[in-house]
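Undergrad: Submitted below is the structure of interest, expressed as structure tokens.
Values in this text are rule-based calculations from the coordinates and carry no lab data. Remember, predicted model here, so these are calculated numbers, not experimental data. Neighbour counts run over all protein chains shown; Cβ positions are idealised from the backbone, glycine included.
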Amino acid sequence: MSLLSIKDLKVSFKTRRGDVDAVRGVSLDVAKGEVLGIVGESGSGKSVTSYALMRLLESNGRVTGGALSYGGIDLGTVKESVMRDLRGREISMIFQNPRAALNPIRKVGHQIEDVLRRHSRATRSNARAEAIKALEAVRIRNAEARYSAYPFELSGGMCQRIVIALALACDPKLLIADEPTTGLDITTQKAVMDLIVDLIAERGMSAIVITHDLGLAAQYCDRIAVMKDGEVVEEGQAERLFAAPRHAYTRKLVDATPRAGASVRSLLPSELRTAAPVLAKATAPLLEVRDLVKTYQGKSGPVQAVKGISFAVKKGQSVGLVGESGCGKSTTSAILVRLADPTSGEILFNGEDLAKTPAKDFARDPRRARIQMVFQDATDSFNPRHTARHSIGEPLARLSGLSRKKRQDRIDELADLVGLPRPLLDRFPHQLSGGQKARVGIARAIAVDPEFLILDEPTAALDVSIQAIVLNLLVDLRAKLGISYLFVSHDLHVVRLLCDHVIVMRDGEIVEEGPADRVMEAPTHPYTRELLAAAPTPPALAEPTFSAAE
Amino acid sequence: MAGRLSTIGLRITHAIPVILGVVVVSFLLTRALPGDPAVYFAGAAANEQSIAEIRTALGLDKPLTEQFLVYAGDVLTGDLGNSLSTGQPVLEDLANRLPASLELTLTALLLSCSIAIPLGVLAATRPGSAVDHLCRVLVTAGVSLPTFFTGIVLIYVFYYLLGIAPSPLGRLDFIYIEPDHVTGFYLIDAAIAGDWETWIGALKQLVLPATTLALFTLAPLARMTRAAMLSALSSDYIRTARAAGLTEDKVLFTYAFRNALLPVITTLGMVFSFTLGANVLVEKVFAWPGIGSYAVEALVVSDYAAVQGFVLAMALLFVALNLVIDLTYTLIDPRIGFETK
């Protein structure tokens, strides 16, 4: 008998535009000791399903049909007071964005005590000891000291461990993990997922892992349910899903998941795959960075964010800059795009040292147009009151010297180039989808014909199927316009797809660099090996689809 | 803890330049006031000579810098000069009148907090309900009705029509004897003296003006509480707390309310300082011998020593108030002490 059974669950939300059905007849079962993965893109209803299960829907959400049963208890009709006893003791949840998931002004130890005492797992006198035990259970070293820490004093990975400790403190039988690793570094992601899976196995628990990452689900889950538009379109073992997806959407997701050996074209659905563009061989140097150092004034003395790095980017080359948060990759890209000044070092661009011009004067420098940037968060990098046309036109008005009429023509041309339908140009950012915003961001960056484009994780916030399309767009643009890329990312699979050359950074230093294939296949530095090992490895595909496309 | 103590020390040292600035500005402002105090106090029958004598007596014939040095020296020794209109030392006047204003303001704020905060919390937990609408109506009424208007309406209804309230003439009806001066707060002094009849008399006088002010200060507090509670309740950590099965009381008070308290305290501080300086109208309507009406009277007759004393006293009070608010903040929010280091 299954521990949890969801039958024909329907959830709808009241919105200003009428009722929206978020979940439309989902049926799922979780057996004792099983780990079920629910995979889907944003808006697929995967999180809503779990909130409905916990009866934690927003006030405008309502379960409109179906049955939820947990160990013989009907979760749909049971009294709220019983439900509150079940939450935390029988069914627990962990969330994405762990730092926000913890009360910012309460010591983490006290937050765990709250849960322990709520479910009578501890008394006033032994709560502290029990809370420290719970912290030790999630392998937090020096748990005694961590007990008195506030969330803001801890790293993201540490916060997620606390959230896990909080969820598992009362030995629940079912754990629901809602995107537990989104926003965490790749090695932290691995550590957190390994920890969750180990603890589940140790305690004989069941779990539901909700994620947008099919590769991650495949690695850690016994069974995967793929959701789309509020329905489960396919369910099965990970290997089977990858080897022989039955539903077209699963096929699309499987294809779009970056993995070892895939080419960028193979990410696309088969009907969209065209021949890969021929890239010109990169020869002449475009950008050369020499002994770049950046020192910040920290609380306890100066902090070296970048410790004298040197590298080169050739004309038309695409270089990947890989590393985890705090490795100095963002600082480096901010210096290269001339938004920040280096402490010392040279940035030779076409032979001229850009570092000689201070960042605050560079906006008026004629070379400003030569180096442009595509930002990570497509939403936050636009003025919410500017239309797409206005946003793309801004650099043209400032840097190109084109007449008003010519600028409008150029904007239309750019929209065609990045595949943005022209009518969408008059929309505001909030009226565009994530993929469309990414296109606008790219159009804005290439508007003034730059020679060098810095791409700061441009696909990090996108669904995989959209990511596949945007990555292909970037490859096509590079072939068409001959722009050099510096692609900043933490995702090695994506970097491999897009880059010829890879630089791996750690603690402000370059630990390894070389041709992408060589670094990926035969990494020499232990850190690169660690990064590669941490990336989820989806099972092999049935047919090597990438060779057909190339 | 050492971090917190040094934060407190730092905040106090920050206040010093502010106070110095206030001393200079209050001095210059009173000198820039139109009208010549010497002419005013010489009276209608004065001639050139008597005006000049008074001017010399007041020290107004000396150059500004010298006047300022004399003033600064006096302030340092705690001498704020004599009020020209009351003839009393300004310090004594302030000591008599400041407690009257503080008693009124504090009572009003206590009253409005005890209504506004529960109302805001209730409105936030039940958006769209009757409580929420009541909150909205009260907030709108509170900001749109000026204090002198509510004051007069309250007097009309409760004193004139119903006859429940005592005559709106100051802090105590003439049939009672003022309690011995300890704190200057009649309610506290009467309680210390054990004179409960006077205590009730003082309370009766206090009810109407305090209600008037409370209605006015209720609006920003209720609105801020509601907004802060709403945003706290929709945050991720509340979801975590609910998912862990914590009771609704624990979620509401330990988790949401403590977080929502931060903006409410900021608003409270602003409302307090605003009310203390701006309740002249209420004091006038109820013939309340407070500091606001004192300052206005002094201003009208160019009583510069009194005005300077008032401005200085208010500035010190605001500095102290801000300090208290900052410290409350660091007590509630552990993140703050660290950022200022």
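Undergrad: For the pair A:Glu58 and A:Ala284, how long in nm is the line joining their label points, each one 7 Å along Cα→Cβ?
TA: The two pseudo-label positions are separated by 5.4 nm.
Undergrad: With both partners inside region A:285-549, how many of the DSSP beta bridges are antiparallel, as a percent to the nearest 5?
TA: Of those bridges, close to 55 percent are antiparallel.
Undergrad: Sticking with this one: What does the charge count around B:Ser167 come to, taking other residues whose C-beta lies under 11 Å from its C-beta (Lys +1, Arg +1, Asp -1, Glu -1)?
TA: Charge balance near B:Ser167 sits at 0.
Undergrad: Give me the extension gain from A:Ala359 to A:Ala479: residue separation times 0.36 nm, minus the current Cα-Cα distance, reported in nm with one decimal.
TA: In short, 40.2 nm is gained.
Undergrad: Let me ask something else about it. Over chain B, what is the relative contact order in percent, taking alpha-carbon pairs closer than 8 angstrom and at least six residues apart?
TA: 28 percent
Undergrad: Here is a follow-up. Which GluC sites (Glu not before Pro) from region A:1-109 combine a DSSP loop assignment with at most 13 other Cβ atoms within 10 Å?
TA: For GluC sites (Glu not before Pro) across region A:1-109 that sit outside H, G, I, E and B with at most 13 neighbouring Cβ atoms in 10 Å, the list reads A:Glu58.
Undergrad: How many Cβ atoms of partner chains, on average, are near each residue of B:244-255 if near means within 10 Å of its Cβ? Display every interim value, and only then the final one.
TA: Details: counts 19, 17, 9, 4, 3, 0, 4, 2, 0, 0, 5, 5.
So the per-residue partner count for this stretch is 6.
Undergrad: Work out, step by step, the length gained on full extension between A:Gln304 and A:Ala397: first 0.36 nm times the residue separation, then minus their alpha carbon distance; give nm to one decimal.
TA: Working: separation 93, 0.36 × 93 = 33.48 nm, distance 3.74 nm.
Result for the pair: 29.7 nm of gain on full extension.
Undergrad: Taking a 19 Å limit on the Cα-Cα distance, which of the listed pairs A:Lys14/B:Lys250; A:Lys32/A:Lys173; A:Lys7/A:Lys228; A:Lys7/A:Lys32; A:Lys173/A:Lys228; A:Lys14/A:Lys252 fall beyond it?
TA: In this structure, A:Lys14/B:Lys250; A:Lys173/A:Lys228; A:Lys14/A:Lys252 exceed 19 Å between Cα atoms.
Undergrad: Also, I was wondering about something else. Counting only other chains, what is the mean number of Cβ atoms within 10 angstrom of the Cβ of each residue in peptide A:113-122? Write out the running numbers ahead of the final one.
TA: Numbers: counts 0, 9, 7, 1, 2, 6, 3, 0, 0, 0.
Taking the mean over all residues of the peptide, I get 3.
Undergrad: At 7 Å along the Cα-to-beta-carbon direction for both A:Ser125 and A:Arg422, put a label point, then send me their distance in nm to one decimal.
TA: So the two model labels end up 8.1 nm from each other.
Undergrad: With n ≥ 4 as the cut-off for DSSP H runs, can you work out [θ] at 222 nm for chain A, using -39500 (n - 2.57) per run divided by the number of residues, rounded to the nearest 500?
TA: After summing the helix terms and dividing by the residues of chain A, the value is -10000 deg cm²/dmol.
Undergrad: Picking from B:Leu316, B:Leu109, B:Leu33, which is most flexible by a Gaussian network model of chain B using Cα springs under 10 Å?
TA: B:Leu33
Undergrad: Further question on the same structure: Using a 10 Å cut-off around each Cβ, can you sort A:Val78, B:Val131, B:Val24 from fewest to most neighbouring Cβ atoms?
TA: B:Val24, A:Val78, B:Val131
Undergrad: Between A:Arg240 and A:Arg141, what is the spin-label point distance in nm, taking each point 7 Å from the Cα along the Cα→C-beta axis?
TA: Going by the 7 Å Cα→Cβ label model, 4.3 nm.
Undergrad: Right, here's the next one. Over all residues in A:98-104, what is the mean tally of Cβ atoms on other chains that come within 10 Å of each residue's Cβ?
TA: The per-residue average across the peptide is 6.
Undergrad: For B:Ile115 and B:Phe174, FRET efficiency with R0 = 35 Å and r from the beta-carbon atoms, rounded to 0.05?
TA: That pair, B:Phe174 with B:Ile115, gives E of 0.65.
Undergrad: Among B:Trp288, B:Trp196, what is the fewest-to-most ranking by other Cβ atoms within 10 Å?
TA: B:Trp196, B:Trp288
Undergrad: Mind listing which trypsin sites (Lys or Arg not before Pro) in region A:306-401 are in a DSSP loop and have 11 or fewer other Cβ atoms within 10 Å?
TA: Details: sites: A:Lys307, A:Lys314, A:Lys315, A:Lys329, A:Arg338, A:Lys356, A:Lys360, A:Arg364, A:Arg367, A:Arg368, A:Arg370, A:Arg385, A:Arg389, A:Arg398; in loops: A:Lys315, A:Arg338, A:Arg364, A:Arg385.
Answer in residue order: A:Arg364, A:Arg385.
Undergrad: Going 7 Å from the Cα of B:Thr328 toward and past its Cβ, which residues in region B:245-285 have a backbone nitrogen under 15 Å from where you end up?
TA: Output list for this probe position: B:258-276.
Undergrad: What is the gain in length, in nm to one decimal, between A:Thr343 and A:Ser148 on full extension, counting 0.36 nm per residue of separation less the C-alpha to C-alpha distance?
TA: Answer, rounded to one decimal: 66.4 nm.
Undergrad: A follow-up question, please. Taking the alpha-carbon distance from A:Lys294 and a cut-off under 18 Å, which aspartates and glutamates remain once sequence neighbours fewer than 8 residues away in the same chain are dropped?
TA: A:Glu324, A:Asp341, A:Glu346, A:Asp353, A:Asp507, A:Glu509
Undergrad: Antiparallel as a % of all DSSP beta bridges within the protein assembly as shown, to the nearest 5?
TA: 55 percent
Undergrad: Sort A:Arg146, A:Arg496, B:Arg55 so that the residue with the fewest other Cβ atoms within 10 Å of its own Cβ comes first and the one with the most comes last.
TA: Least to most surrounded, the residues fall as B:Arg55, A:Arg146, A:Arg496.
Undergrad: Calculate, for B:Thr247 and B:Val143, the FRET efficiency according to 1/(1 + (r/R0)^6) with r their C-beta to C-beta distance and R0 41 Å; round to the nearest 0.05.
TA: Efficiency for this residue pair is about 0.70.
Undergrad: Can you tell which of B:Ala191, B:Ala32, B:Ala219 shows the greatest fluctuation in a Gaussian network model of chain B with Cα springs below 10 Å?
TA: Sorting by GNM fluctuation, first place goes to B:Ala32.
Undergrad: Can you check what the net charge comes to around B:Arg97, using other residues whose Cβ is under 13 Å from the Cβ of B:Arg97 (Lys, Arg +1; Asp, Glu -1)?
TA: It works out to a net charge of -4.
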